[in-house]
Amino acid sequence: MRSFVADGVPVAGFSGQVEGFFWLAGQGGYGIQTAPALSRYAACLALGQAIPQDILDQGLEPQSLAPERLGA
Ligand SMILES: Cc1cc2nc3c(=O)[nH]c(=O)nc-3n(C[C@H](O)[C@H](O)[C@H](O)COP(=O)(O)OP(=O)(O)OC[C@H]3O[C@@H](n4cnc5c(N)ncnc54)[C@H](O)[C@@H]3O)c2cc1C
């Protein structure tokens, strides 16, 4: 259950290659402890809603989780 992508950062967002496919993967060894915030973040992206300000206030840069960074 420890899945990683090349840069070790989770992937959350719509695929740039397959329309309507939403990535939420690569949580590594910390998927349980990140689940509350990562699931809220992913749900907002999937529903086309604004990213919660309290998550952005923690310094999250959405591009750092975007599938495009991996060409996915
Ligand atoms: C030994 C160990 C210890 C860990 N300890 C911690 C910890 O202390 N803290 C922490 O935050 N994280 C920990 N982790 C990591 C955490 O478990 C993962 O990051 C997290 O489970 C990832 O969640 P997920 O929903 O992406 O994937 P998973 O939890 O792997 O869930 C994927 C689900 O999809 C199902 N599935 C697969 N294929 C299909 C299919 N074709 N159709 C339908 N269903 C399918 C699987 O059966 C599974 O239930 C640990 C992991 C391991 C292995």
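Miscellaneous remarks
- Hits in the stretch 34-72 (condition: assigned to a loop (DSSP other than H, G, I, E, B) and either surrounded by 13 or more Cβ atoms within 10 Å (Cβ to Cβ) or at pLDDT below 95 (or both)): Ile51, Pro52, Leu60, Leu65, Ala66, Gly71, Ala72
- Scanning the stretch 34-55 for residues that are without any contact (Cβ under 8 Å) to a residue 24 or more places away in the chain and within 11 Å of the ligand (Cβ to nearest atom) turns up Ala35, Pro36, Ser39.
- Residues located in the stretch 1-33, provided they are away from the ligand (no atom under 12 Å from the Cβ), in contact with a Phe, Trp or Tyr (Cβ under 9 Å, 6 or more places away or on another chain) and either in a loop (DSSP other than H, G, I, E, B) or not aromatic (Phe, Trp, Tyr) (or both): Gly13, Ser15, Gly20, Phe21
- Top-ranked residue of the stretch 1-37 - restricted to ones that are within 17 Å of Ala72 (Cβ to Cβ) and among the aliphatic types (A, V, I, L, M), ranked as farthest from the chain's Cα centre (by Cα): Val18
The values are calculated or read from the model by the stated rules, or taken from the named source; none is laboratory data. Bear in mind that the values here come from a model prediction, so they are computed numbers and not experimental data. For neighbour counting, all protein chains shown are included, and Cβ atoms are generated from backbone atoms with ideal geometry for every residue, glycine included.
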